[in-house]
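As structure tokens, the structure follows; a few thoughts come after it.
The values are calculated or read from the model by the stated rules, or taken from the named source; none is laboratory data. In this text the structure is predicted, and so the values were computed from the model without any measurement. Here the Cβ positions follow ideal geometry from the backbone for every residue, glycine too, while neighbour counts run over all protein chains shown.
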Amino acid sequence: MAKFIFVTGGVTSSLGKGIIAASLAKLLQSRGLKVTIQKFDPYINVDPGTLNPYEHGECYVTDDGAETDLDLGHYERFLNIPTSQANNVTTGRIYQTVINKEREGEYLGKTVQVIPHITDEIKRRMLLLGESGEYDIVITEIGGTVGDIESLPFVEAVRQLQWEMPEEDCMVVHLTLIPYLKAAKELKTKPTQHSVRLLSQEGVHPNVIVCRTEHPLSDELKRKIALFCNVKPNAVIEAIDASTIYEVPLKMLQEGLDVIVLKKLQINGYAAPELGKWRAFLDKLNYPKSRVTIGLIGKYIELQDAYKSILEAFVHAGAVNQCKVQIVNVHSEFITDDNVSEKLKDLDGLLVAPGFGSRGVEGKIIAVKYARENQMPFFGICLGMQMAVIEFARNVLGLKNAHSTEMDTATPYPVIALMEEQKKVKKKGGTMRLGAYPCTIEEGSLANKIYQSTEISERHRHRWEFNNQYINDFSQAGLVPSGKNPVNGLVEIVELKNHPFFIGVQYHPELKSTVENPHPLFVNFVQAAKYFAEMKASAKSAKMEKETA
Ligand code: GLN
């Protein structure tokens, strides 16, 4: 049986519990322990799959096809091990299970109540991964903020588990905020005291307090927090703002968070932290030798969390290339034929983002055309790939009004069409083509060069597909389907001949990019953008030389 660490949050949301949990996990992993992280979310949706990205940021998809919270992306990026359906549980899923059981008659005439039935189901799921025998430690992040009505059953479940388990098998790390009052030039501990009190009133006493702060905490302040919150001073951990989330594990190492945890859990004989790869990555990230500007063409760009994994994949790929990747967000709704050149001409590469529905698609199509005609590196993901297909159909194959039936059911040329198995689907939740599927890559293609392989597996989240009725027309005209599902022939990758880098993928490569395994598509795209930038710069200086001669 594994040992359990629960991470709760107080004072405010958005303190970065996911990053703290992932950093702690990374440190424990670096000392040779087998660690996983799971997230319990208090909202009623069964999963975040039906949530608008504006509500909840990106929906992260696991290999086994679970639509999950974006924090699972951080867990995978930090730990370099896959998560699964079991790693993300919501109140909705808990209630769904309990209500289904009640309908089956499993409660034998009992009144079904929050305590014990809901809390029992929460506890069962909290322990599940720990019982697999695969892990030494399971870290559980409790979503929301202590004091929220909806998180009460989760905190109660933690209380019961703490009571049931031996002292050394279970602990609670509480993350809070120490605000800095500019006018008083002072860091304030009161909100932390209140949030720990609130947690204690709910029966849970934290063993470690991690304090988010913009300024260093003095020893005196740490002692004060320790005294008021009833923990030892070395259990008050400063989590000062970092320049990148990937610095946080090293900051936590300096603060000794992992050692306190190991002591509390009575884990002896652990190794010194092995963080060589991690530090090498940070060195490259912090000392770039070049710079590229990539346009992210999307419709949710006001909210950066909507494209979290894409942005992080660029951080990984930038580090590999020792290149600072600057992302410029371009709102696809406002791109027109008249302004496209003005908006995109200074970029070194274009990524057209995933998405749903018709808002902003015409702008995406115009952007693809610009990249295709101007030899600008292009990378289309999911809807971005579909837009590349539509653009090519309209402007190269001459199929006027070609479209996806997602946006135009009456299009004369449905080059993107609903997948056969999707036609009978009525329910929205969990019914897309989800999770990992294999793809066979054509030898000698750009994709083959990038992956250095002909057999890959990538994660999906879509309902529409490339319409294979048109496959020969596209191939002959130069947009080649270079990757297909080996079982059903579904097109997974398209690439343009006679273009330095133009590739669209039906799947989501960003979901598999980690610090230790940056995704080859992103790595090669950044390389192509670097080359494009260099070519632009040398053409510019040649022109200037000519003018001055
Ligand atoms: N809306 C498109 C589909 O469902 C693309 C989905 C996506 O970009 N994830 O096929």
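Restricting to the stretch 501-512, name every residue that is within 16 Å of the ligand (Cβ to nearest atom) and not in a helix (DSSP H, G or I). If you could, list the steps in order and put the result at the bottom.
Kept after step one, since they are within 16 Å of the ligand (Cβ to nearest atom), are these residues of the stretch 501-512: 503-512.
Answer for the stretch 501-512, where residues must be within 16 Å of the ligand (Cβ to nearest atom) and not in a helix (DSSP H, G or I): Ile503, Gly504, Val505, Gln506, Tyr507, His508.
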TODO: Tell me, please, whether a residue that is within 28 Å of the chain's Cα centre (by Cα) and assigned to a loop (DSSP other than H, G, I, E, B) can be found in the stretch 383-402.
DONE: no
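Mind listing whichever residues of the stretch 392-407 are within 13 Å of the ligand (Cβ to nearest atom) and farther than 13 Å from Gln469 by Cβ?
Here is the first cut: in the stretch 392-407, the ones within 13 Å of the ligand (Cβ to nearest atom) are 403-407.
If the condition is that a residue be within 13 Å of the ligand (Cβ to nearest atom) and farther than 13 Å from Gln469 by Cβ, then His403, Ser404, Glu406, Met407 are the ones that fit.
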TODO: Only residues that are part of a helix (DSSP H, G or I) and in contact (Cβ under 8 Å) with a residue 40 or more places away in the chain: list them for the stretch 153-169, please.
DONE: Pro153, Phe154, Val155, Glu156, Val158, Arg159, Gln160, Leu161, Gln162, Glu168, Asp169
Open item on the list: I want to confirm something. Restricting to the stretch 485-496 and keeping residues that are assigned to a strand (DSSP E or B) and either surrounded by fewer than 21 Cβ atoms within 10 Å (Cβ to Cβ) or of a type in the set (A, V, I, L, M, F, W, C) (or both), which single residue is nearest to the ligand (Cβ to nearest atom)?
Closed with: Val491
Task: Residue in the stretch 211-221 that is hydroxyl-bearing (Ser, Thr, Tyr) and either surrounded by 16 or more Cβ atoms within 10 Å (Cβ to Cβ) or out of contact with any Leu (no Cβ under 6 Å at 6 or more places or on another chain) (or both) present - done: yes
Open item on the list: Residue pairs, Cβ under 8 Å, 6 or more apart or interchain, first in the stretch 421-433 and at positive phi, second assigned to a strand (DSSP E or B). List them.
Closed with: Gly430/Glu67
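Could you check, for the stretch 15-26, whether at least one of its residues is in a loop (DSSP other than H, G, I, E, B) and either out of contact with any Pro (no Cβ under 7 Å at 6 or more places or on another chain) or in contact (Cβ under 8 Å) with a residue 12 or more places away in the chain (or both)? Outline the logic, then answer.
Keep residues of the stretch 15-26 that are in a loop (DSSP other than H, G, I, E, B), which gives 15-16.
Now restrict to residues that are either out of contact with any Pro (no Cβ under 7 Å at 6 or more places or on another chain) or in contact (Cβ under 8 Å) with a residue 12 or more places away in the chain (or both): 15-16.
So far as the stretch 15-26 goes, yes, one or more of its residues are in a loop (DSSP other than H, G, I, E, B) and either out of contact with any Pro (no Cβ under 7 Å at 6 or more places or on another chain) or in contact (Cβ under 8 Å) with a residue 12 or more places away in the chain (or both).
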Open item on the list: Return the residues of the stretch 482-518 that are without any contact (Cβ under 8 Å) to a residue 24 or more places away in the chain and on the phi < 0 side of the Ramachandran plot; say none if nothing qualifies.
Closed with: Asn488, Lys497
Open item on the list: Name the residue that is farthest from Lys299 (Cα to Cα), counting only residues in the stretch 360-378 that are among the charged types (D, E, K, R) and surrounded by fewer than 24 Cβ atoms within 10 Å (Cβ to Cβ).
Closed with: Glu373
Open item on the list: When you scan the stretch 513-530, do you find a residue that is more than 16 Å from the ligand (Cβ to nearest atom), farther than 24 Å from Glu76 by Cα, touching a Lys or Arg at 6+ places or on another chain (Cβ under 8 Å) and part of a loop (DSSP other than H, G, I, E, B), even just one?
Closed with: no
Open item on the list: Tally up the residues in the stretch 54-95 that are in a loop (DSSP other than H, G, I, E, B), surrounded by fewer than 24 Cβ atoms within 10 Å (Cβ to Cβ) and of a type in the set (D, E, K, R), please.
Closed with: 2
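Residue-wise test of (1) within 16 Å of the ligand (Cβ to nearest atom); (2) within 29 Å of Ser84 (Cα to Cα); (3) surrounded by 14 or more Cβ atoms within 10 Å (Cβ to Cβ).
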| position | (1), (2), (3) |
| --- | --- |
| Thr454 | no, yes, yes |
| His460 | yes, yes, yes |
| Glu465 | yes, yes, yes |
| Ala477 | no, no, yes |
| His499 | no, no, yes |
| Lys540 | no, no, no |
- [ ] State whether one or more residues within the stretch 133-152 are crowded, with 19+ Cβ neighbours inside 10 Å, in a helix (DSSP H, G or I) and not polar (S, T, N, Q).
- [x] no
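The rows are residues; the columns are (1) touching a Gly at 6+ places or on another chain (Cβ under 9 Å); (2) at pLDDT 95 or above; (3) not aromatic (Phe, Trp, Tyr).
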| residue | (1), (2), (3) |
| --- | --- |
| Thr140 | no, yes, yes |
| Leu177 | yes, yes, yes |
| Val204 | no, yes, yes |
| Glu220 | no, yes, yes |
| Pro233 | no, no, yes |
| Ile240 | no, yes, yes |
Open item on the list: So for the stretch 399-408 (the condition being free of Cβ contacts under 8 Å to residues at least 40 places away in the same chain and among the polar types (S, T, N, Q)), does at least one residue qualify?
Closed with: yes
TODO: Collect the residues in the stretch 194-245 that are within 30 Å of the chain's Cα centre (by Cα), assigned to a helix (DSSP H, G or I) and among the polar types (S, T, N, Q), keeping them in residue-number order.
DONE: Ser195
Open item on the list: With surrounded by fewer than 19 Cβ atoms within 10 Å (Cβ to Cβ), under 30 Å from Met387 (Cβ atoms) and basic (Lys, Arg) as the only criterion, which of Arg291, Arg279 stands out?
Closed with: Arg291
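May I ask you to say which residue of Gly430, Gly435 is within 16 Å of the ligand (Cβ to nearest atom) and either at pLDDT below 95 or acidic (Asp, Glu) (or both)? Spell out how you get there, then give the answer.
On the way: Gly435 fails: either at pLDDT below 95 or acidic (Asp, Glu) (or both).
Exactly one residue qualifies, and that residue is Gly430.
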Task: Of all residues making up the stretch 1-42, the number that are more than 16 Å from the chain's Cα centre (by Cα), surrounded by fewer than 19 Cβ atoms within 10 Å (Cβ to Cβ) and at pLDDT below 95 - done: 3
TODO: Can you give me the number of residues within the stretch 27-53 that are hydroxyl-bearing (Ser, Thr, Tyr) and in a loop (DSSP other than H, G, I, E, B)?
DONE: 1
- [ ] Those residues that are in a strand (DSSP E or B) and either within 20 Å of Tyr370 (Cβ to Cβ) or free of Cβ contacts under 8 Å to residues at least 24 places away in the same chain (or both), I need them from the stretch 470-480; list them, please.
- [x] Leu479
Open item on the list: On the basis of being within 16 Å of the ligand (Cβ to nearest atom), at pLDDT 95 or above, in a helix (DSSP H, G or I) and within 24 Å of the chain's Cα centre (by Cα), does Ala319 make the cut?
Closed with: no
- [ ] Please identify the pairs in which a residue from the stretch 365-391 that is more than 16 Å from the ligand (Cβ to nearest atom) has its Cβ atom under 6 Å from the Cβ atom of a residue that is among the β-branched types (Val, Ile, Thr), counting only partners at least 6 apart or on another chain.
- [x] Ile366/Ile335; Ile366/Val340; Tyr370/Val340
